[in-house]
Amino acid sequence: MTRDPVIAEPPGLYAISVTSELSGFTPGTLRLYEQYGLITPARTRGGTRRYSDEDLTRLGRITDLIADGINLVGIKRVLELEDSTALLRRDNTRLRADNAHLRRTNTPTT
C-alpha cells in the first residue's frame, strides 16, 4: 500500500498520545514499531506523526500476533505476506471480471 507520507491537514487522524491510548501501546513502542516497519504513520508538514484507523487496525493485528508468541521480525514478515495476499486477491478479482467482460463482448455469434 502506498500513500503520501506527508499530509497537509490531518483530519480524522490521531496523534501518538491518542493512538497510544486507543491501542494500548506506549508512544515508545509505537515509535519502535515504526522503526521496524510494522506501521507507517502519516506525517504533518511539521513532522508530527498522525495515525489512521487503518493503523489502529494494524496495531490490533500486531497485538494478536504478539499474543501468538511471534517476535517483531516474524510479525513484519506475516504482515508483508498478508498485504501481498490482499493485493493478489484484488488483482485476481479484477482479472476475473475483465476476463468475464471480454468473454461476453467477444462471444462469436452463429
Practice task
Might you check whether a residue that is open to solvent by less than 90 Å² (accessible area, probe 1.4 Å) and under 30 Å from residue 32 (Cβ atoms) occurs anywhere in region 88-109?
Solution key: no
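For (1) under 18 Å from residue 28 (Cα atoms); (2) out of contact with any Lys or Arg (no Cβ under 9 Å at 6 or more places or on another chain), each residue gets a yes or a no:
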site: 43; (1), (2): yes, no
site: 48; (1), (2): yes, yes
site: 57; (1), (2): no, yes
site: 69; (1), (2): no, yes
Problem - Looking only at region 24-70, and only at residues there that are open to solvent by 40 Å² or more (accessible area, probe 1.4 Å), touching a residue at least 12 places away in the same chain (Cβ under 8 Å) and not in a helix (DSSP H, G or I), the one that is farthest from residue 82 (Cα to Cα) - result: 45
Problem - Residues satisfying the stated conditions in region 71-85, i.e. under 10 Å from the mean Cα position of the chain (by Cα) and open to solvent by 60 Å² or more (accessible area, probe 1.4 Å) - result: 80, 82, 83
Fill in the blank from the handout: Scanning region 1-23 for residues that are modelled with pLDDT under 90 and not aliphatic (A, V, I, L, M), the one least open to solvent (accessible area, probe 1.4 Å) turns out to be 10
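The values are calculated or read from the model by the stated rules, or taken from the named source; none is laboratory data. Computed from a prediction, not measured in an experiment: that's the story for all the values here. Counting neighbours? That spans all protein chains shown, and the Cβs are built from the backbone with ideal geometry, glycine included. Surface areas here come from the heavy atoms of the whole protein model, side chains and all, with no ligands, DNA or RNA. Shrake-Rupley method; radii C 1.70, N 1.55, O 1.52, S 1.80 Å.
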